[in-house]
Amino acid sequence: MGDAILEPERNVRTDLFEWSDPLVKACNNFVSFKDNLDTSNRATEVYDLPLRKIRQLFGFYDRDLEKKPSWFRRAFGALFPNPRRPRAQATAIMPSCFVEAALPFSDNGKHVEPYEIRLIRPQLVLSGSYNQYNRDFYQDIQDVFPDEVMNSLESACFKYTNGIPDTETKYTKIGRLPLYVAIEGKNRLELFKRYRKYMYARVSTVFFPEPDELILIRLKPFNIWMLDYRGQKLTLPFSEITLPILREYGVCKEKIKWDFFSLLKLRRGRIKSMSFQMHP
């Protein structure tokens, strides 16, 4: 990983992370995985019914499948309302909720450094899009020029009114990992990831345990993984993408345990990580 320096002309901290670093690659894969997961979840309505059922079985997001109400429900629905509410159409998983479930013990509410303007790589930021920049206030299609949109968003980081920033852009950085989470300003990342190498943003570092405080636990016979921090154990719902991060981060301690209910824990972990969908 690179070092953090200050950009002298704007007094901006620059996080320099090289793509050749295995940890940076692992974090970039984690961000790409989340983006692909959002795309997959939005496409569920075009899947065949058996595939949608299989996705639900393995804990992936799918709004409740439409069912014809029973004769009892049609006759007495007003007297006995259904307490279950249908799940909303998938848009994008809330980044902060996703990272805290997919990468346990990261805490976006526990800041260890104040917010400051940094120059960061957008490809290392967990984001989510539910809105589009090519629609105006009345949702009519309009012309969009990416450079104009991105330049205006970046320049707002340096503008203040009565000491208050003109933009509410807020990102967090997960401990010493080269990984960021969009708290406010989630939609804009789609543009920056596509067109820019760097971007300006207000960033605060949040808590994540040191590698020697973490223990990886492999649960047999299904090879499900958990992460242990000071005796608290949480499932890794997407271990194939988070294990490389943890190992490159320096987590060396590993244990093996037997748990015949680990598949249920995996499913619950996946449902939790995808349950919070973004909405306007």
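The values are calculated or read from the model by the stated rules, or taken from the named source; none is laboratory data. Computed from a predicted structure; not experimentally measured. Positions of Cβ are backbone-derived with ideal geometry, glycine not excepted, and every protein chain shown enters the neighbour counts.
Worth a mention:
- Index of the failed condition, residue 112 passing every other in (1) among the aliphatic types (A, V, I, L, M); (2) more than 28 Å from residue 175 (Cβ to Cβ); (3) under 21 Å from the mean Cα position of the chain (by Cα); (4) at pLDDT 85 or above: (2)
- Residues of the range 1-31 satisfying the condition of being among the aliphatic types (A, V, I, L, M) and at pLDDT below 95: 1, 4, 5, 6, 12, 16
- When each of 222, 261 is tested for being touching a helix residue (DSSP H, G or I) at 6+ places or on another chain (Cβ under 6 Å) and farther than 23 Å from residue 111 by Cβ, the lone residue that passes is 222.
- Of the residues making up the range 166-219, those that are under 17 Å from residue 99 (Cα atoms) and among the aliphatic types (A, V, I, L, M) are 174, 177, 179, 181, 182, 183, 189, 203, 206, 214.
- Hey, residue 238 crowded, with 20+ Cβ neighbours inside 10 Å, under 16 Å from the mean Cα position of the chain (by Cα), more than 22 Å from residue 36 (Cα to Cα) and not acidic (Asp, Glu) or not: no
- Candidates in the range 241-257 are the residues that are of a type in the set (D, E, K, R) and either out of contact with any strand residue (DSSP E or B) (no Cβ under 6 Å at 6 or more places or on another chain) or under 22 Å from residue 172 (Cα atoms) (or both); of these, the one that is surrounded by the most Cβ atoms within 10 Å (Cβ to Cβ) is 248.
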